[in-house]
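Data block below; observations after.
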Amino acid sequence: MKHPTLALLCAALLCAALALPTGALAQQTTYVFPYEGFRYTQQEGETVLTQTNLEEHEALLTSLGTTKEAVLASYIASGIVMEVIPEDGGQIAVSVVSAGAFADVQNMAELSDERLSAFAAQFENSGLYETCALTQTEPVCVRMTSSAMVASMPVYTLRYATLHLGQLYLLTQTVVGRAPDENDDARVAQVLAGMKLLQSRTEPTPEPTPTPTPTPEPTPEPTPGVAQVIASEGELTVEGVPAYTNDASLTLTGKTTASVEVRAAVDGTTLGRTTSRKDGTFSLTVSLPEEGDLVLAVMTDEAEQMLSLRYEMAPIPLTVTDPAEPVFTGDTVTIKGVTAPEATVYLKGTGVSTNVKANKSGVYSIRVTFKDAGTQAFSLRASLKGYQDTEMDVTLTRELTERERLTAFRVKMIDFDYASILKEPARFEGKQFKIRGRVMEFTDYDGSPCALVCARNASVGVWYDPVWIVLDGTEDVAVDSILTFYIISEGTTLPADGRYTEEGEEIEAPVARAFLVTEAK
């Protein structure tokens, strides 16, 4: 089953969580989210992450392989207000989004049985969930489960959904490798119990626009708040315009004279029109035409209000989950990961340029073929309308399997002629051979272990024709072991004791470097 795609809640992007400690201990901290209409009291043994306290938990985020910037971007894109991490496991995200057809619901307890059933039915009939049922929690929630395969691993999602003040509250826990059980439900229920739903939501406080100075200054960090009115004329007021937003869609509400045309424009380009009602109120949804610092003009024939706001698209999330290690064997490898649902992921590299579309859970998969062994670097980019593109580099290394290494080695391998090599060792430098021999002793060769191997068994228990073989130290080689050595001649010699020759005389034995060592065949 697939996870649903939820619309971003503009208010969640405009406001920051206010942490108001009620005691000296971290376990007693209460986090107040006035713009989302709830507060949360932290329980003992819990870690709470919000959009404004990530810097305090930088060490934790680093240990999880991420950064505060990446987490904040993910929170904004997903409408996540906070995450609760109990010390006994689990991670529950709380997000607040548009309630859609149930935006008129202020209190879950006021819903009739018929309306409550309809609320649950919209999830059950979506086809996105494996299970869907009402809970006995306070407030009542719809409990849903869904699953997807990520990097050949089943990933389950346990989600509780409830309504309050015209918004949809979602508590989401991800469970990897198994279906959710009663312990997972208990963790979500505990977070729900720690949430106190407020009687109303606070409107953001206006933020002043920074005063320009002759000396260039770094661009200030965007802050939540209501857009500043920079000019106003006539009988017209406008509400619902943020000082900063990641969402191109903007709903303008306000009041003017009755039954007149109301227009909205940026830089002289009309974005939309509507007609005010008999009481003078109006509502108009428009799409911002571009990113940057904008001046929005809302006007009638006799009145106008101009507001300053900043629009920046949120960066699209992009992660790679597979391969888990950058080194692989075989001639193909599949790059898997997670991005925004139905985003397009582009992959470019040497001789490679392709793209795929992520599924409704945001999971993507790209198969890459390596013609030869070696390391290749790829550029990965995710793109989706309404988001900033995100790019990352992926470096992969293909190693040959033992079979592939042997196949490649045998192509250039020649017969082993000990007498010829002993007579003119330099002439055989770089030549490839295979010998079956017995390990007699060890020495050191320029800092590497070097085994003396006799390659000829003249009679039972007697071995001759010594060869010094330089090892890399990872081979399982011991004195008296009989193994097959695939070797490359060094073109040099080292002294070998006379007991390893039929004549009983010390000789200068050839030196070779081990390419591969296997069981004797």
Low-density loop trypsin sites (Lys or Arg not before Pro), region 407-498, at most 11 other Cβ within 10 Å, DSSP non-H/G/I/E/B, are 412
Can you give the calculated 222 nm mean residue ellipticity of the chain, where each DSSP H run of n ≥ 4 adds -39,500 (n - 2.57) and the sum is split over every residue, rounded to the nearest 500 deg cm²/dmol? -3500 deg cm²/dmol
Taking 0.36 nm per residue of sequence separation and subtracting the Cα-Cα distance, how much length would be gained by fully extending the chain between residue 436 and residue 360, in nm to one decimal? 21.6 nm
Considering only protein heavy atoms and a 1.4 Å probe, what is the carbon-and-sulfur percentage of the accessible area of region 60-146? 51 percent
Roll a 1.4 Å probe over the protein chains and send me the accessible area per residue for the chain in Å². 52 Å²
Anisotropy class of region 321-387 from Cα gyration tensor, a/c 1.5 cut: prolate
Sparse-neighbourhood loop sites, trypsin sites (Lys or Arg not before Pro) in region 355-384 - DSSP loop, at most 15 other Cβ within 10 angstrom: 360, 371
Read-out mean projected area of the Cα convex hull in nm², candidates (1) 25.1; (2) 28.3; (3) 37.3; calculated match is (3)
Scan region 227-264 for GluC sites (Glu not before Pro) in coil per DSSP, keeping those whose Cβ has at most 14 other Cβ atoms within 10 Å, and list them by number. 235
Rounding to the nearest 10 and keeping the result within 0 to 90°, find how far the Cα-based axis of helix 182-194 lies from the longest principal axis of the chain. 40 degrees
Hey, any idea what % of region 349-428's accessible area is carbon plus sulfur with a 1.4 Å probe? 47 percent
Based on the alpha-carbon gyration tensor of region 331-431 and its eigenvalue square roots a ≥ b ≥ c, which shape applies: rounded if a/c is under 1.5, prolate if not and a/b is larger than b/c, or oblate? prolate
By how many degrees, between 0 and 90 and to the nearest 10, does the Cα long axis of helix 68-78 differ from the longest principal axis of the chain? 50 degrees
With a 1.4 Å probe and every protein chain kept in, tell me what percent of the accessible surface of region 449-521 is carbon plus sulfur. 48 percent
To the nearest 20 debye, what is the magnitude of the charge dipole of the chain about its Cα centre, counting +1 on the Cβ of each Lys and Arg and -1 on the Cβ of each Asp and Glu? 1480 debye
When a/c is below 1.5 the answer is rounded, else prolate if a/b is larger than b/c, else oblate, so apply that to region 423-521 with a ≥ b ≥ c taken from the square roots of the Cα gyration tensor eigenvalues. rounded
Within a Cβ distance under 12 Å of residue 372, other residues only, what is the Lys/Arg minus Asp/Glu net charge? -1
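The values are calculated or read from the model by the stated rules, or taken from the named source; none is laboratory data. Bear in mind that the values here come from a model prediction, so they are computed numbers and not experimental data. Cβ atoms come from the backbone with ideal geometry, glycine included; neighbour counts cover every protein chain shown. Please note that ligands, DNA and RNA were not included when accessible areas were found on the heavy atoms of the full protein model with its side chains. Shrake-Rupley method; radii C 1.70, N 1.55, O 1.52, S 1.80 Å.
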